[in-house]
Amino acid sequence: MEFLDPKKVLQEAGLTPGMIVADFGAGTGFFSMSAARQVGPTGAVYAIDVLPEMIALLSSRAKLERLPN
């Protein structure tokens, strides 16, 4: 089984610095965190999930990793 690398997937999707991204069904942020790094401080990532606790967890992780976008 091959490991899914979110950075590689997002690069293949064409993410570049400054982009605005929406992650629907973000869960714990598997793609959101990588997307935030790739779009950088001039970009933004909007994480959306039906479970408020997932968004709370993702927000905490983003703060810990100093990803304000």
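Can you spot a residue in the range 5-15 that is open to solvent by 90 Å² or more (accessible area, probe 1.4 Å) and in a loop (DSSP other than H, G, I, E, B)?
From the range 5-15, those open to solvent by 90 Å² or more (accessible area, probe 1.4 Å) are 7-8, 11-12; that's our starting set.
Those still in the list that are in a loop (DSSP other than H, G, I, E, B) too: none.
For the range 5-15, residues open to solvent by 90 Å² or more (accessible area, probe 1.4 Å) and in a loop (DSSP other than H, G, I, E, B): absent.
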| said: If I filter the range 30-46 for residues that are surrounded by fewer than 17 Cβ atoms within 10 Å (Cβ to Cβ) and touching a strand residue (DSSP E or B) at 6+ places or on another chain (Cβ under 7 Å), do I get at least one hit? | reply: yes
| note | Considering residues that are open to solvent by less than 30 Å² (accessible area, probe 1.4 Å), under 16 Å from LEU57 (Cβ atoms) and β-branched (Val, Ile, Thr), the number found within the range 20-29 is 0
| said: Six or more apart or on different chains, Cβ atoms under 6 Å: show the pairs whose first residue is in the range 17-29 and free of Cβ contacts under 8 Å to residues at least 12 places away in the same chain and whose second is in a strand (DSSP E or B) and open to solvent by 30 Å² or more (accessible area, probe 1.4 Å). | reply: none
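State yes or no: is GLY14 at positive phi and at pLDDT 95 or above?
Working: at positive phi: yes; at pLDDT 95 or above: no.
It is false that GLY14 is at positive phi and at pLDDT 95 or above.
Pick out the one residue from PHE31, PHE3, PHE24 that is of a type in the set (Phe, Trp, Tyr) and touching a helix residue (DSSP H, G or I) at 6+ places or on another chain (Cβ under 8 Å). Full working, then the answer.
Values: PHE3 fails: touching a helix residue (DSSP H, G or I) at 6+ places or on another chain (Cβ under 8 Å); PHE24 fails: touching a helix residue (DSSP H, G or I) at 6+ places or on another chain (Cβ under 8 Å).
After ruling out the rest, the residue left standing is PHE31.
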| request: Determine whether the range 52-66 contains at least one residue that is assigned to a helix (DSSP H, G or I), surrounded by 14 or more Cβ atoms within 10 Å (Cβ to Cβ) and either over 12 Å from the mean Cα position of the chain (by Cα) or among the acidic types (Asp, Glu) (or both). | output: yes
| Out of curiosity, is GLU53 without any contact (Cβ under 8 Å) to a residue 24 or more places away in the chain, charged (D, E, K, R) and out of contact with any Gly (no Cβ under 6 Å at 6 or more places or on another chain)? | yes
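The values are calculated or read from the model by the stated rules, or taken from the named source; none is laboratory data. Everything numeric here is computed off the predicted structure, so don't read it as measured data. Every residue, glycine among them, receives a Cβ derived from its backbone with ideal geometry; neighbour counts consider all protein chains shown. Accessible surface areas use protein heavy atoms only, side chains included; no ligands, DNA or RNA. Shrake-Rupley method; radii C 1.70, N 1.55, O 1.52, S 1.80 Å.
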